């Protein structure tokens, strides 16, 4: 999966949780949860969605790394099966 | 014979629109069965019946706007003699027969089922009919959408009727609360180190789909603490308080388009955390999708709200009538803590109680918060 396809998948997963988000408006290196109103249930559902679509295991101890869209993409890219 | 009336689906609802019947004359219904879908300011509500019987006559047809208390249907008791002929429902307009999945899809695609010709059994509208109608609609009836304006100049989204209705409904319920309920407020700082450590250790061994959220521990702890404090759990109606043995916690859920709903999570004290987690996830999902059951809108015996994730320290709650208490959780954050003469840094949360002085006093409210604190120090027992 190339970077553009990965980004599309991640934004689609985010849109399942927060349909109002326009992916083009997100700033990649700014904290995601400051830009999108996600509570812990939304966040968990977002990560579950990524896990299901991409087959990537995301231990809870890694949540703290996943602050920005750029970091989420980087994290997933390194772990794609 | 008895009548089934449109129940009040909360202090802030006085009417609804019948979207669909799920039963027909002659059907046997059981307590808890969904018999109709009624649209309200909060959601399309699956209305459950609370007795067993056989449907005799449907008194309201789909599309009718009806006040609370309207007789929806007449039923006879199970085993009672059947009338000579089942009476067909009174119809003001011929209501379309449509499957729930097709109705949901119609809402998503903004297709009016009244304009769709059904191809299913008996002329029922199917999912395929709706999708076909949606595919045809833009070409046939609608001008092409205007080009999207640049994002920076995007107009504020137009509020839907439901949002306007919901704002009115919240205004009515909260005005009633502030007018009639003599609130008192208490707050307690509760250490969360044990709960956090337990949750981290528990989740570390689980796949992501089985992990728990702190919110679930908090809800269970509230339900366990309530067992000793019946005066905080129940309903105040017609000048007197009726405590409820079970703790049905109304969980305040904010909607992405604005507004909130606090549907009931049933029997929280009796369920393991894993069950509660699954039910909470489902409840949040359905609340945001606008699909709730009538019991979820009427059964809550106390409300729990968690505004900590938005960053607030402490919540000063407004009680949702006819309930008599609300528990509010603030943000879990590191705080300087003194215990046994030693200063340390621990995660803690300020938990508040807003309660009805007609039913309880601050002394008991304070003891409740102490009990709640105790439960949050023994997460393994939740």
Say whether the condition of being at pLDDT 95 or above, buried (at least 18 other Cβ atoms within 10 Å of the Cβ) and under 28 Å from residue A:38 (Cα atoms) is met by at least one residue in region B:223-239. yes
Go through region B:258-295 and count every residue that is within 18 Å of residue B:243 (Cα to Cα) and in contact with a helix residue (DSSP H, G or I) (Cβ under 7 Å, 6 or more places away or on another chain). 4
Residue hits (region B:48-57; surrounded by fewer than 21 Cβ atoms within 10 Å (Cβ to Cβ), under 21 Å from residue B:13 (Cα atoms) and at pLDDT 90 or above) are B:48
Name, by its number, the condition in (1) assigned to a helix (DSSP H, G or I); (2) more than 14 Å from chain A (Cβ to nearest Cβ); (3) surrounded by fewer than 16 Cβ atoms within 10 Å (Cβ to Cβ) that does not hold for residue B:184. (1)
List the number of the failed condition for residue B:360; all other conditions in (1) in contact with a strand residue (DSSP E or B) (Cβ under 7 Å, 6 or more places away or on another chain); (2) under 17 Å from residue B:187 (Cβ atoms) hold. (1)
Going through region B:58-73 one residue at a time, which ones are assigned to a strand (DSSP E or B) and surrounded by 19 or more Cβ atoms within 10 Å (Cβ to Cβ)? B:58, B:72, B:73
Residue tally, condition without any contact (Cβ under 8 Å) to a residue 12 or more places away in the chain and within 25 Å of residue B:334 (Cα to Cα), over region B:344-380: 2
Going by the conditions given, is residue A:5 over 11 Å from the mean Cα position of the chain (by Cα) and within 23 Å of residue B:257 (Cβ to Cβ)? no
Kindly establish whether residue A:57 is modelled with pLDDT of 90 or more and more than 12 Å from the chain's Cα centre (by Cα). yes
Within region B:244-254, which residues are touching a helix residue (DSSP H, G or I) at 6+ places or on another chain (Cβ under 6 Å) and either more than 27 Å from residue B:189 (Cα to Cα) or assigned to a helix (DSSP H, G or I) (or both)? none
Residue B:45 fails exactly one of (1) in contact with a helix residue (DSSP H, G or I) (Cβ under 7 Å, 6 or more places away or on another chain); (2) at pLDDT below 85, namely (2)
Residue in region B:188-197 that is surrounded by 16 or more Cβ atoms within 10 Å (Cβ to Cβ), assigned by TED's automatic domain parsing to the domain that holds residue B:359, touching a residue at least 12 places away in the same chain (Cβ under 8 Å) and out of contact with any strand residue (DSSP E or B) (no Cβ under 6 Å at 6 or more places or on another chain) present: yes
In region B:201-217, what residues are under 21 Å from residue B:253 (Cα atoms), more than 8 Å from every other protein chain (Cβ to nearest Cβ) and outside any helix (DSSP H, G or I)? B:212
Confirm whether residue B:291 is touching a strand residue (DSSP E or B) at 6+ places or on another chain (Cβ under 8 Å) and within 14 Å of chain A (Cβ to nearest Cβ). no
When region B:253-266 is checked residue by residue, the ones that are within 11 Å of the chain's Cα centre (by Cα) and more than 11 Å from chain A (Cβ to nearest Cβ) are B:260, B:261, B:262, B:263, B:264, B:265, B:266
Output the number of the condition that residue A:11 fails; it satisfies all remaining conditions of (1) under 27 Å from residue B:289 (Cα atoms); (2) out of contact with any helix residue (DSSP H, G or I) (no Cβ under 6 Å at 6 or more places or on another chain); (3) more than 14 Å from chain B (Cβ to nearest Cβ). (2)
For residues in region B:267-285 being more than 30 Å from residue B:161 (Cα to Cα) and within 16 Å of the chain's Cα centre (by Cα), which is farthest from the other protein chains (Cβ to nearest Cβ)? B:267
Every listed condition ((1) in contact with a helix residue (DSSP H, G or I) (Cβ under 7 Å, 6 or more places away or on another chain); (2) more than 10 Å from chain B (Cβ to nearest Cβ); (3) without any contact (Cβ under 8 Å) to a residue 40 or more places away in the chain) holds for residue A:29 save (3)
Of (1) surrounded by 17 or more Cβ atoms within 10 Å (Cβ to Cβ); (2) in contact (Cβ under 8 Å) with a residue 40 or more places away in the chain, residue B:39 satisfies all except one. Which? (2)
For region A:38-73, enumerate the residues that are more than 7 Å from chain B (Cβ to nearest Cβ), out of contact with any strand residue (DSSP E or B) (no Cβ under 8 Å at 6 or more places or on another chain) and within 26 Å of residue B:253 (Cα to Cα). A:38, A:42, A:43, A:45, A:46, A:49, A:50, A:52, A:63, A:64, A:66, A:69
Just for region B:218-246: of the residues that are free of Cβ contacts under 8 Å to residues at least 60 places away in the same chain and touching a strand residue (DSSP E or B) at 6+ places or on another chain (Cβ under 7 Å), which one is farthest from the other protein chains (Cβ to nearest Cβ)? B:242
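The values are calculated or read from the model by the stated rules, or taken from the named source; none is laboratory data. Because the structure is predicted, anything quoted here is derived from the model rather than measured. Note: ideal-geometry Cβ built from the backbone for every residue, glycine included; neighbour counts use all protein chains shown.
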